[in-house]
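See below for the structure under consideration.
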Amino acid sequence: MSRPRESARMRRARRRRRILIIKMILILIVIILAVTGLILFLNRPRVAEEVEREAGSALPTVSDFLVKDNANAKIVSGLDDSVDMSVPGEYPVVIEISGKEYNSVLRVVDTTKPQVTTKNVTIFTTGTVEPEDLIESIEDVTATTVAFVGSPDLSQAGSYEVTIAVTDAGGNTTEATAQVEVVADTEKPVIEGVEDITIPAGTSVSYKRNVTVTDNLDEDVELTVVTDGVDLNTVGDYPITYIATDSAGNVTEVSAVLHVEQASVENATEDLVNAKADEILAQITTEDMDQKEVAEAIFWWVHENIGYKDGTPKTNWVQGAYRGLFERQGDCYVYFATSKCLLTQAGIKNMDIAKIPSRTNHYWNLIDLGEGWYHFDATRRKDGTYFFYTSDEELMEYSRNHNGSHNYDPSQYPEIQ
């Protein structure tokens, strides 16, 4: 059977239904799009995820982080003194809008190369040059490092062009060239203060005392003293040579003569008497002695080993000590000077003291063993009295009873116990 033919009325009805369905779909799509747009509008970003600024620029403000200006926006943290705009990096920023906090980032970048001005330098073959020495100026808002490009060999005389790389904190590098002139050092060191030396036989000698060496470049030039054949114990004249060599190999030589003479009171030196004092201290003291015991050993050695002889000169304590240590005789000045030498070499604090000048003079010592100053007078006295570690009261009582034997001016000395 054939299908019944559709009437025109039915076709029109079906078409109306299709149009209605299409309209409803379109309306639904419009509603969906409107709702989606509203959602997107309501949830649109109010703060930029990040803000980028060139190093060295001004610190941004809150408005720089807003997608749209908002009078209620304020910085919670991040845009303060903790941000160094000269240091590339990322700095967290927190912004509050209408009670809600938003996170963002300030990115400080450096995209500008340093501006570099170099300078030419002259050095000696013995010298060195650092890349910084060739820089006149660097203009960059960030910290920079300087290095040679390659490893220039500047050990030989000549003219060299070197390349220096200047790199900033952003990794931007500028290369610049400079000229280095290398010249040879041909100037010899200068030795000053060399003189002939005279010493008593049996003593030591300080060859370099008062001798100096200077150089146009080197601050510390080694000084060598050639003393081949010198015999300090045998009288004679010995040649000595001073040699100074700088780092460039320039050599200076200066000659002198060491005169070794027979030891006598006239040529006595501190080195001579100190060496003799050390020899005697080694005989009369031991390591387990305390300072008072050492001082007492010195007192009795001087008291017992020096014979009294009046009239010796009283102007040179070294000669006085020589007379006591070598000749073993003299007056109060010799006892005082010998004691001074031995006490000093033993490390005992001591001081010279003298009677107020009158018809007679007298000299003795003061010692301080950590308990204050006391009198120390090793001179032999006819009545057998001796004064070791004697208080001021005791010595002054004796002095009053013996024609002012130790009458001194207290204002010239520290307080004596």
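The values are calculated or read from the model by the stated rules, or taken from the named source; none is laboratory data. The shown structure was predicted, so the numbers you read here are calculated from the model rather than taken from an experiment. Every residue, glycine as well, gets a Cβ built from its backbone with ideal geometry; the counts of neighbours run over all protein chains shown.
Can you name the condition, by its number, that V254 falls short on among (1) aliphatic (A, V, I, L, M); (2) modelled with pLDDT of 95 or more; (3) more than 24 Å from G229 (Cα to Cα)?
Of the numbered conditions (1) aliphatic (A, V, I, L, M); (2) modelled with pLDDT of 95 or more; (3) more than 24 Å from G229 (Cα to Cα), the odd one out for V254 is (3).
Each row is one residue, and each column tells you yes or no for (1) loosely packed, with under 13 Cβ neighbours inside 10 Å; (2) modelled with pLDDT under 95; (3) in a loop (DSSP other than H, G, I, E, B).
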residue: V141; (1), (2), (3): no, yes, yes
residue: V146; (1), (2), (3): no, no, no
residue: D153; (1), (2), (3): yes, yes, yes
residue: Q156; (1), (2), (3): yes, yes, yes
residue: V162; (1), (2), (3): no, no, no
residue: T167; (1), (2), (3): no, no, no
residue: G170; (1), (2), (3): no, yes, yes
residue: A178; (1), (2), (3): no, no, no
residue: T186; (1), (2), (3): yes, yes, yes
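Output the qualifying pairs, or none if there are none: Cβ atoms under 7 angstrom, residues six or more apart or on different chains, first residue in segment 252-274 and touching a residue at least 12 places away in the same chain (Cβ under 8 Å) and in a loop (DSSP other than H, G, I, E, B), second residue among the hydroxyl-bearing types (S, T, Y) and surrounded by 18 or more Cβ atoms within 10 Å (Cβ to Cβ).
Close Cβ pairs satisfying both conditions: V265/Y322; A268/Y322; T269/T203.
Residues of segment 165-214 being over 30 Å from M85 (Cβ atoms), charged (D, E, K, R) and touching a strand residue (DSSP E or B) at 6+ places or on another chain (Cβ under 7 Å), which ones? I'd like the intermediate steps shown before the answer.
Taking segment 165-214 first, the residues over 30 Å from M85 (Cβ atoms) are 177-214.
With the extra rule that they be charged (D, E, K, R), the set shrinks to 181, 185, 187-188, 192, 195-196, 208-209.
Within segment 165-214, E181, D185, K188, E192, E195, D196, K208 qualify.
Filter segment 277-305 for residues that are part of a loop (DSSP other than H, G, I, E, B) and either in contact with a Cys (Cβ under 8 Å, 6 or more places away or on another chain) or without any contact (Cβ under 8 Å) to a residue 60 or more places away in the chain (or both) and give the result. I'd like the intermediate steps shown before the answer.
Step one: of segment 277-305, the residues part of a loop (DSSP other than H, G, I, E, B) are 285-290.
Selection gives T286, E287, D288, M289, D290.
Taking S98 as the residue in question, decide whether it is over 30 Å from Q179 (Cβ atoms), under 38 Å from the mean Cα position of the chain (by Cα) and at pLDDT below 90.
Working: over 30 Å from Q179 (Cβ atoms): yes; under 38 Å from the mean Cα position of the chain (by Cα): no; at pLDDT below 90: yes.
Answer is no for this residue.
Out of the strands (runs of 3 or more DSSP E) lying entirely within segment 77-135, which hold 3 or more residues that are without any contact (Cβ under 8 Å) to a residue 60 or more places away in the chain? Spell out the reasoning first.
On the way: elements: 89-97, 100-109, 115-118, 121-124.
Passing ranges, in order: 89-97, 100-109.
If we keep just the residues of segment 188-201 that are within 32 Å of the chain's Cα centre (by Cα) and part of a strand (DSSP E or B), which is farthest from E270 (Cα to Cα)?
V190
Taking S204 as meeting all but one of (1) assigned by TED's automatic domain parsing to the domain that holds T252; (2) more than 31 Å from the chain's Cα centre (by Cα); (3) over 30 Å from F326 (Cα atoms), write down the number of the exception.
(3)
Looking at segment 324-345, I want the residues that are at positive phi and among the charged types (D, E, K, R) and have a partner that is surrounded by fewer than 24 Cβ atoms within 10 Å (Cβ to Cβ) and part of a helix (DSSP H, G or I) with Cβ atoms under 8 Å, at least 6 apart or on another chain. Which pairs are those?
Listed by first residue and then by second, the contacts come to R328/N305.
Out of K309, K276, K314, K292, which single residue is surrounded by fewer than 17 Cβ atoms within 10 Å (Cβ to Cβ), modelled with pLDDT under 95 and not assigned by TED's automatic domain parsing to the domain that holds L232? Quick ask: steps written out before the conclusion?
Details: K276 fails: surrounded by fewer than 17 Cβ atoms within 10 Å (Cβ to Cβ); K314 fails: surrounded by fewer than 17 Cβ atoms within 10 Å (Cβ to Cβ); K292 fails: modelled with pLDDT under 95.
When all the criteria are applied, what remains is K309.
If a residue must be under 44 Å from the mean Cα position of the chain (by Cα), of a type outside the set (S, T, N, Q) and not in a loop (DSSP other than H, G, I, E, B), how many such residues does segment 337-374 contain?
Count: 14.
Just checking, does segment 321-328 include any residue being over 20 Å from D278 (Cβ atoms), of a type in the set (D, E) and outside any loop (DSSP other than H, G, I, E, B)? Working first, answer last.
Of all residues in segment 321-328, those over 20 Å from D278 (Cβ atoms) come to none.
Looking through segment 321-328, none of the residues is over 20 Å from D278 (Cβ atoms), of a type in the set (D, E) and outside any loop (DSSP other than H, G, I, E, B).
Search segment 65-86 for residues being of a type in the set (A, V, I, L, M) and out of contact with any Lys or Arg (no Cβ under 9 Å at 6 or more places or on another chain), and hand back the single one that is surrounded by the fewest Cβ atoms within 10 Å (Cβ to Cβ). Spell out how you get there, then give the answer.
Initial filter on segment 65-86 (of a type in the set (A, V, I, L, M)): 66-67, 71, 73, 75-76, 79, 83, 85.
Then drop every residue that is not out of contact with any Lys or Arg (no Cβ under 9 Å at 6 or more places or on another chain), which leaves 71, 75-76, 79, 83.
On the way: A71: 7, I75: 15, V76: 13, L79: 20, V83: 16.
For segment 65-86, the residue satisfying everything is A71.
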